[in-house]
Amino acid sequence: MEKFKVRDISLAEAGKKKTEWAEAHMPVMMALRKKYSQTKPLKGMRIAGCIHVTKETAVLVKTFIAAGAEVSWSGCNPLSTQDDIAAALAAEGVSIYAWHGLSVEEFYWCIERTLDFKPTLTLDDGADLIFTIHNRFPHLAEHIIGGTEETTTGVHRLRAMGNDGKLLYPVLAVNDAETKWDFDNVYGTGQSSIDGIVRSSNILIAGKVFVVAGYGHCGKGLAMRARGLGAKVVVTEVKPTAALKAVMDGFDVMTMDEAAKIGDIFITATGMKDVIVKRHFESMKDGAVVCNTGHYDVELNIPDLESICVSKREIRPNNEEYLKPDGNKIYLLCRGRLVNLAGAEGHPSEVMDMSFANQFMSMIRMKEEGSSMENKVYDISEEQDQEIALLKLQTMSKSIDMLTPEQIVYASDYSAGT
């Protein structure tokens, strides 16, 4: 078997430069690489990874290798792979199967190739790798100590598998670490998704009605950044407490049926299918821009959009113009795939520094503890979260106070009273 398959190996030099840029902006990861390249805690481990192939991912892969692991990699989304990064990793001898614009068949072929070396650990973003193992190659689970999951949608589904007793090995929910979802999901998604919208449309955000579907961590970041650029932000939700938070944060809240009539820019961040469907597309005004930043493309019902339009054409890269019978146009970005990765470069390196530090530390934990864990989804430890946050602060030259021994005692002294 060939050790890699990428779009164009000649792009390796460009990918190498981008990776070096990311390394310069990921001080936590570089500190971990320096520390663990000496002790090689992952020696003997074979890590199969299925996550977006970006410059930040290249830093993670190289850190795994420095810590002694063998790796084999694929992308977790057909449109998110950056071909120069894939080429750079392949040129350095990494087993990688990824290129931009995969068909569904090619997507799963790439995942299956990462399983050829019988991994002992798995790393997922969306759980497609884990699902492939469970559905097609369950015998491989005999060799697997444990895995990790990077994103909200994947964690939800894996918890459901664990609760049903269907999970074949333990998984650490990296997404649920405080140093991941309160930073990566909020600040990373907010900035990178708007970056993707602007690159794909060059539309002015200021003065527009910007509709955010979902007010979880990702939706909060989007709403915050859109308001900062001068948009009037509307939030749609199905969860009362989330909707109430949006109201208290100063955003307008309404149903998608209402928002569809007034929105200029729509972005979904829910993890749920059919968030925007036929009746919404039908009521949108001329020039509406529609996109998604949830892991899967089903949040927008694209077949519904196609069913009500008389024609479509690519008006610019990652931007398709749909013409409705009344002459109004809707612009779909990145075919409904992750707009921040298909239309831009994904989250900035500085925020992925913490997310991937969690991935790295979780792999070490899985090697050491996985064989004694039950087959269910586990949270990241509080100690790991705080260790990573403190290290990040130190790289930013920020200092914090420490509790005194007396304060530590007082915190749990239930007899102290008033």
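The values are calculated or read from the model by the stated rules, or taken from the named source; none is laboratory data. What you see is a predicted model; the values in this text were computed from it and never measured. Don't worry about glycine lacking a Cβ; one is built from the backbone with ideal geometry, like all the others, and counts go over all protein chains shown. SASA here: full protein model, heavy atoms, side chains in, ligands and nucleic acids out. Shrake-Rupley method; radii C 1.70, N 1.55, O 1.52, S 1.80 Å.
Key figures
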| read-out | value |
| --- | --- |
| Per-region count, region 115-149, residues polar (S, T, N, Q), part of a helix (DSSP H, G or I) and within 22 Å of the chain's Cα centre (by Cα) | 1 |
| Residue, nearest to M363 (Cα to Cα), within region 3-44, restricted to residues that are among the polar types (S, T, N, Q) and open to solvent by 60 Å² or more (accessible area, probe 1.4 Å) | T39 |
| Evaluation of Y414 against (1) open to solvent by 50 Å² or more (accessible area, probe 1.4 Å); (2) within 29 Å of the chain's Cα centre (by Cα) (one fails), failing number | (2) |
| Criterion: buried (at least 24 other Cβ atoms within 10 Å of the Cβ) and under 30 Å from T148 (Cα atoms) - qualifying residue of A242, A223 | A223 |
| Close pairs (9 angstrom Cβ cut-off, 6 or more residues apart or separate chains): more than 16 Å from T270 (Cα to Cα) in region 230-246, open to solvent by 100 Å² or more (accessible area, probe 1.4 Å) and at pLDDT 95 or above anywhere | G230/L204; V233/R227 |
| Helices (runs of 4 or more DSSP H) completely within region 1-114 that count 1 or more residues being more than 25 Å from Q386 (Cβ to Cβ) | 12-24, 55-66, 83-91, 104-114 |
| Where H295 falls short, out of the listed (1) open to solvent by 30 Å² or more (accessible area, probe 1.4 Å); (2) assigned to a loop (DSSP other than H, G, I, E, B); (3) closer than 30 Å to H156 by Cα | (1) |
| Index of the failed condition, G49 passing every other in (1) farther than 24 Å from V339 by Cβ; (2) within 19 Å of the chain's Cα centre (by Cα) | (1) |
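For every residue, the table says whether it meets (1) open to solvent by less than 70 Å² (accessible area, probe 1.4 Å); (2) closer than 22 Å to M354 by Cα; (3) acidic (D, E).
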site: S103; (1), (2), (3): yes, no, no
site: T114; (1), (2), (3): yes, no, no
site: D125; (1), (2), (3): yes, yes, yes
site: T151; (1), (2), (3): yes, yes, no
